Amino acid sequence: MLKLKRQSFALAAMAVAVHAATVHAQVAPPATTLPEVVVTGNPLGSDLFELASPASLLQGDELFQRRGNTLGDTLDGLPGVAATGFGPNASRPVIRGLDGDRIRILQNGAGTLDASSLSFDHAVAVDPLVVERAEVVRGPAALFYGGNAVGGVVNVIDNRIPQAAIRGVTGRVETRFGGAAREKATGIVFEAGNGSLALHADVHTRDTDDLRIKGFARSARLRAADPQPVEAEGVLPNSASRSDGGAIGLSHTWAQGYVGISRSGFNTRYGTVAEPDVTIDMQSSRWDLAGEVRELGQAIRSLKFKMGHTDYEHTELDAGVAATRFRNKGKDLHVEAVHGEIGPLRGAIGLQLRDFDFSALGAEAFVPGTSTNAKSVFFFEELPLGSFKLTFGGRHERTEVGSEGGGAVPFGAVDPRFGAAQTRNFSGNSGALGAVWGFMPGLALAVNGSYTERAPTYYELYANGPHAATGVYEVGNSTFGKEKSKAIDISLRLKSGKHSGSITVFNNRFSNYLGLFDSGNTRGADGELNPADAGDGTSLNTGEEILPEFAYRAVSARFRGIEGEARFRMFERGGTLDLLLHASHVRADDRSNGRPLPRIAPWRYGVGVEYRRDRLSARVDATVHDGQDRVATGERPTDGYTMLNAALTYRLPANGLRLEAFLRGINLLNEEARNHVSFLKDVAPLGRRSALLGLRGQF
């Protein structure tokens, strides 16, 4: 067992640029040497330009420049991608306005099985320092990964099980200091092999102080509505963190495939921000097995499997005393077989098994112990017809979600809030149909439509208790049926020499979207409905804190929007200068009453330039985040801001070693920036102006 000791302009302008770029010529090598092939959205593997589903690939220098404290922060700013931002230490990706269980997070193709989808204050058990590549599929990917991928998929790849032969010794080291949280972080990756056996090892550590901020922690709107005698200013209380982890993996590789195993661990302890005396102490360990055999024969060309077993636990400490313990233990198995060609038809069939047990013990457990078991089969086919490629597939999934009932309060006592044990069974079907048409050299039109059925999660069914992280009393509904949605997106893509770009419009309609809404009622922390107020926010009858009741409801909902990005080579005279453009917008409504859904990111659009010459590269980006005044009931508006960042990288002369020093300037305008997607936007702004210095070496 590995155990590591803790240490310590708008889219219109973009469209004009896309049209103008088609008259330019050829070709800029990418900033990375890896081929831009995405496998997450296509079991056959596909270039981004030819993938029916909209996708983004983050690797090499681009990943190096974007790398943040959390996975959400690292991916935030990609087309259609925002982040939950529960302070600086817990942040999941939000894709096209969808978050939580509707975004599937994978590690090397297998589910992470942490508790981050349950609550916004729960961190994803992945550190970006050791990630080599991230693939993001925007829009429904339920065909391959189940109904809980209705919003999209994020697959982080760290090569902990090497899939290709390694000869000799290679590795990389990255260390960084500074930023608004005075971060001190180091990641080391080491790989060695003899062409047959391949070894991977990595280790990482990160230590941050309380986040330095511009002005007050609480927003002006909140301070006006709820004045406090003492206000935190300049520093965000209880936002420090410490984490470490690592992995070791071994593979046997040969010309027709590989098989390997890895063991990894991740530990972190961080402040929750929302509660000044509460910290989270998390440990996650996992075993992974993976393998692939190619050139098997005419009927089955190749067979691939990935399996992960995760043991996850975190304890919420109140003033250093254990208050609530969450645990998730389970496995995820994904098997794919590529069949032989049937005329021009290529395709794959597969199965997936997912099984995990969740428990919450303690005073703030708002969900009983549960078990979830899902079994599914799927198929995918691809039919090339000259400049036109058709893709289609389907998936059948059976899910069982059981509650132990009785829950658990102070470590063992029965809690009547959760009632009797019960089990729900769901049978879901999903399908997708897509097409890519290369109607001109360097230009393609992609259309993708899908129908998805998602089984409710254990917390949507069985929640019944105070959720301290969000300050509400959450109530589930054990009678929920399947969540059903229909989605379509249409993309125009450019890939002409040194120029590339895409513009996508999308529409996703839910007949019964399962959302958490303010019911208008209140609850005592013990469950008392609409208690009389003693005058100090506590129940007159029991003395328990009074909280607003938020209940899960099934509503008709629609998510629609537009997203785009482009890169254009402006000149090549001794060096190169690229122009970067991007924009994203999503509008989400409860169609039953026309009201906006909560925590939807506003318009975001920006421009950047990147200059490269010999050993030097420099980049400046300005992103405008509009204010958001389309808010749900009980939600406050958020002011807009402009985020100006810059980065300078210089490759130092070193024999046999690629050594780079970098300096990054963040929030150079020193804006008071608040992320509207975050539950904590009114109490936790983003960091103030800061600089981050680092060094990266590769050998």
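A few points about this structure:
- The apolar share of the surface of the stretch 280-347, taken as the fraction of accessible area on carbon and sulfur atoms (1.4 Å probe, ligands and nucleic acids excluded), comes to 59 percent.
- Derived scalar couplings between HN and Hα for the stretch 81-96 equal 10, 10, 9, 5, x, 8, x, x, 10, 9, 7, 9, x, 10, 10, 6 Hz in order, rounded to whole Hz, by the Karplus curve 6.51 cos²θ - 1.76 cosθ + 1.60 (θ = phi - 60°), x for Gly and Pro.
- When peptides 532-544, 319-331, 266-278 are sorted by average Cβ neighbour count within 10 Å, with the highest value leading, the order is 266-278, 319-331, 532-544.
- Whole-number accessible area per residue in Å² for the stretch 561-676, which is evaluated in the context of all protein chains at 1.4 Å: 47
- When the stretch 352-480 is reduced to its Cα atoms, the Kirkwood hydrodynamic radius in Å: 17.5
- The distance between label points at Ile490 and Ala255 comes to 4.9 nm (points 7 Å beyond Cα on the Cα→Cβ vector).
- Accessible surface of the stretch 137-227, 1.4 Å probe, proportion on carbon and sulfur as whole %: 61
- For the stretch 603-672, fraction of C-alpha pairs farther apart than 17 Å, in %: 59
- Contact order for the stretch 233-316, expressed relative to its length and based on alpha carbon pairs under 8 Å spaced 6+ residues apart, stands at 26 percent.
- Here the contact order of the stretch 63-198, divided by its residue count and restricted to Cα pairs under 8 Å and six or more residues apart, works out to 19 percent.
- Arg221 versus Asn670: modelled label distance in nm, points set 7 Å from Cα along the beta carbon direction: 2.6
- Evaluated on the stretch 572-699, the Kirkwood hydrodynamic radius is 17.3 Å, with distances taken between all distinct Cα atoms.
- Take 591-599, 110-118, 427-435 and order them by the average number of nearby Cβ atoms within 10 Å per residue, most first; the result is 110-118, 427-435, 591-599.
- Computed over the Cα atoms of the stretch 478-614, the ratio of the radius of gyration to the Kirkwood radius (Rg/Rh) comes to 1.25.
- Coarse-grained scattering of the stretch 191-342 at q = 0.08, 0.10, 0.18, 0.21 Å⁻¹, given as base-10 log I(q)/I(0) from a Debye sum over alpha-carbon atoms: -0.45, -0.61, -1.10, -1.26
- When only alpha carbons are used to place a centre, the stretch 506-573 and the stretch 288-323 end up 31 Å from one another.
- Kirkwood hydrodynamic radius of the stretch 456-509, from the reciprocal of the average inverse Cα-Cα distance over all distinct pairs: 15.2 Å.
- The Rg/Rh ratio for the stretch 88-245 is 1.07, where Rg is the radius of gyration of the alpha carbons and Rh is the Kirkwood radius.
- Of the residues Ala115, Phe379, Ala185, the one whose Cα sits farthest towards the positive end of the charge dipole of the chain is Phe379 (charges of +1 on Lys and Arg Cβ, -1 on Asp and Glu Cβ, taken about the Cα centre).
- Over the chain, the ratio between the Cα radius of gyration and 2.2 N^0.38 Å evaluates to 0.93.
- What the phi angles of the stretch 211-226 give under the Karplus curve with 6.51, -1.76 and 1.60, with θ = phi - 60°, is a coupling list of 5, 7, 10, 8, x, 7, 5, 7, 5, 4, 5, 6, 5, 5, 6, 9 Hz, glycine and proline written as x.
- The helix-only estimate of mean residue ellipticity at 222 nm for the chain, built from DSSP H runs of length n ≥ 4 each weighted as -39500 (n - 2.57), is -1500 deg cm²/dmol after division by the residue total.
- Considering every alpha-carbon pair of the stretch 427-489, the percent of pairs per 5 Å bin, from zero through the bin containing the longest distance, is 4, 14, 14, 12, 12, 10, 10, 8, 6, 5, 4, 1.
- Normalised alpha carbon radius of gyration of the stretch 399-549 [divisor 2.2 N^0.38 Å]: 1.59
The values are calculated or read from the model by the stated rules, or taken from the named source; none is laboratory data. Predicted, not measured: the structure shown is a model, and the values here were computed from it. Heads up, the Cβs are rebuilt from the backbone with ideal geometry, glycines too, and the neighbour counts pull from every protein chain shown. For the accessible areas, the whole protein counts, side chains as well, though only heavy atoms, and no ligand, DNA or RNA atoms are used. Shrake-Rupley method; radii C 1.70, N 1.55, O 1.52, S 1.80 Å.
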